[in-house]
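Each remark here refers to the structure printed beneath this line.
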Amino acid sequence: MTEHPSTDQPTVRHIGLLLFDQVEELDAVGPWEVLAYWTLLHPEDGWAVTTMSIDGTPVTGAKGLTIGAHRSFDDAPNLDVLIHPGGWGTRKLLEDAEHLDWVRSQNATTR
């Protein structure tokens, strides 16, 4: 883990996995499976992974799977990495100014 320079406390780095209606299930669940396993197996690396939807409620994937979110956009931690999966739902999101503004704001602050 990285050390915070002023307190020498471990710093957790956050990976956020975005969920939205009509997300391609494999695009969301596949990365979740790998990253969640890694963060559980190697906590000393200092990473945490969380799922989020705009309001923190479950979403319905492209083929009907309901996927729950841990957080909303408003209560998500500051992200170091944002994963934005694909799927039919991205077409609608390309015209959603609020969503695009949020993604742009994340792009400005994530690595």
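Readers should treat all values here as calculations from the given coordinates under stated rules, not as data from a laboratory. All values reported here derive from a predicted model rather than from experimental measurement. Virtual Cβ from ideal backbone geometry, glycine too; neighbours counted across all protein chains shown.
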**Q.** Ser72, sole failed condition from (1) farther than 19 Å from Ala36 by Cα; (2) under 11 Å from the mean Cα position of the chain (by Cα); (3) not basic (Lys, Arg)
**A.** (1)
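Which of the residues spanning segment 17-74 are in a loop (DSSP other than H, G, I, E, B), under 20 Å from Arg111 (Cβ atoms) and small (Gly, Ala, Ser)?
If the condition is that a residue be in a loop (DSSP other than H, G, I, E, B), under 20 Å from Arg111 (Cβ atoms) and small (Gly, Ala, Ser), then Gly46 is the only one that fits.
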(Q) Residues to consider are Trp32, Trp38, Trp47; find the one that is more than 13 Å from the chain's Cα centre (by Cα), farther than 21 Å from Ala97 by Cα and not basic (Lys, Arg). (A) Trp38
Q: Six or more apart or on different chains, Cβ under 8 Å: which pairs go from a residue in segment 98-110 that's farther than 16 Å from Phe20 by Cα to one that's of a type in the set (Asp, Glu) and surrounded by 12 or more Cβ atoms within 10 Å (Cβ to Cβ)? Could you list them?
A: Thr110/Asp80
